[in-house]
Structure formats: C-alpha cells, structure tokens
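Written below as structure tokens is the structure these notes are about.
The values are calculated or read from the model by the stated rules, or taken from the named source; none is laboratory data. Predicted model, so just to flag it, every value in this text is computed and none were measured. For neighbour counting, all protein chains shown are included, and Cβ atoms are generated from backbone atoms with ideal geometry for every residue, glycine included. To get the accessible areas, we keep the full protein, side chains included, count just its heavy atoms, and leave off ligands, DNA and RNA. Shrake-Rupley method; radii C 1.70, N 1.55, O 1.52, S 1.80 Å.
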Amino acid sequence: MQEYYDSVFEKEDYTQKPFPKGEYEQCRFVQCDFSAADFRDCKFVDCSFQQCNLSLVNLTAVAFRGVRFSDCKLMGLRFEACNPLGLAMHFERCQLNHSTFYKLSLKKTVFRQCQLHEADFTEADLSQAILEGSDLAGAQFSQTNLEKADLRGAINYSLHPSQNRVNNARFSMPEALRLLEAFGVVVE
C-alpha cells in the first residue's frame, strides 16, 4: 500500500481510473470525482476534501481520522462500514442524503449547514454534535444519543424525545415545536 504525505490532488477523475489504495496524511483533495470509487482499507489522517463528489464510494474498513469535508457531495454512503477506531470527521455545507451512520460514535462531530435528507442515525452517538443549520428532512433518529447536541437552526427534523436521548440538547424556534408532534400536541 502506498503512502502519500502533504500531497494535493486536484480535479482528478477516479470514475475512469481506480483510486490508488494507500495511506494519506495531511493531503488535500480539491474538485475530485470519486463517484462509486473503492476506498476499501484506505487510511486518511488530517486530510481535507473540498468540492469533491464522493457519492456511493465504498467505505469498507476506511479510516477517517481528523478528516474535513467542505462543499462535498457524499450521497448514499455507508459510514458504519468505516473503521471505527479514531473515527473523526467534520462536514461543512455537504450533501449527505441517504447516507447511514448506524451505531457510529459521532461524538462532537460537526454537520454545519449540511443536507441530510433520509440520513440514518439509528443508535448513533451524536452527543455534543453540531447540526446547526442542517436540513434533516426524513432523517431517522431512533435510540440516538443527542445529549448536548446543537440543533439550532436545523430544519425539517422529526424525532421522538422519548425514543432518543435529548438531555441538554439545544433547539431553536420554531422547529423545536416539532418535538411536540411525537406526543400528538398541536400548536397553533
């Protein structure tokens, strides 16, 4: 497996050629297309992805440690297939529709101004996570730990407070009123 350190990959198209298996440390990926690429067993440490398309990438045993994604398209990804050891990611203005985070520890993970339509956070640990300004239409929350999570400015979420841990989570109006829907309360 190859090792890459402090390298920049710009405008690469990995839809026509295989993505090189390896360990990437402090690398930058800018405007690359990884659609349906195979990242299996790759390791990314302190890397950033900017304006990249990573939709449907195979994440089996991938290590993401200190990885930042900004303005990226990450549709339909199965993050639960990642190597959980040291998993640490940060998302800004990304599209993560139909992605799954089942049972993942995402404590303190940032999802700032992201689109998370139909994302699955079932049994995930989102304690102290930041989801501010994100669109969570159709996102699944079941047995999810949202303690001390920041959902201020988040929209379109629907979660049942008695089926999730929400102690000290932060919500903003008017979206916070949606929490009452689970109890059949109508606010007019």
(message) Quick check: pseudo-label points 7 Å beyond the Cα along Cα→Cβ at Arg93 and Lys11, how many nm apart are they?
(response) 2.0
(request) Quick one: give the max-minus-min coordinate of the C-alpha atoms of the chain along each principal axis, largest first, in Å. (result) 57, 27, 22
(request) Distance check, please: which entries in Lys43/Lys107; Lys11/Lys107; Lys11/Lys73; Lys43/Lys73 exceed 22 angstrom between their Cα atoms? (result) Lys11/Lys107
(message) In whole Hz and in residue order, list the ³J(HN,Hα) couplings for the stretch 117-124 that follow from phi through the Karplus curve 6.51 cos²θ - 1.76 cosθ + 1.60, θ = phi - 60°; x for Gly and Pro.
(response) 4, 6, 5, 10, 10, 4, 6, 7
(message) Please list, ordered by chain and number, the residues whose modelled amide H lies under 5 Å from the amide H of Asp120; skip anything fewer than 5 residues away on the same chain.
(response) Ser99, Thr100, Phe101, Gln140
(request) Can you tell me the FRET efficiency between Gln31 and Ser162 if r is taken as the Cβ-Cβ distance and R0 is 45 Å, rounded to the nearest 0.05? (result) 0.50
(message) Using the Karplus curve 6.51 cos²θ - 1.76 cosθ + 1.60 with θ = phi - 60°, what ³J(HN,Hα) values do you get for each residue of the stretch 107-116, in whole Hz, with x for Gly and Pro?
(response) 4, 6, 5, 9, 10, 8, 6, 9, 9, 10
(message) At 1.4 Å probe size, with the rest of the protein present, what percent of the exposed accessible area of the stretch 1-125 is carbon and sulfur atoms?
(response) 43
(request) Output ³J(HN,Hα) for the stretch 151-168: one whole-Hz value per residue in order, computed from phi by the Karplus curve 6.51 cos²θ - 1.76 cosθ + 1.60 with θ = phi - 60°, and x for Gly and Pro. (result) 10, 4, x, 5, 10, 6, 7, 9, 9, 8, x, 8, 9, 9, 8, 10, 4, 6
(request) Can you spot the aspartates and glutamates whose alpha carbon is less than 13 Å from Lys108's alpha carbon? Ignore those fewer than 8 places along the same chain. (result) Asp125, Glu132, Glu147, Asp150
(request) With r as the distance between the Cβ atoms of Ser105 and Arg152 and R0 = 22 Å, compute the FRET efficiency 1/(1 + (r/R0)^6) and round to 0.05. (result) 0.45
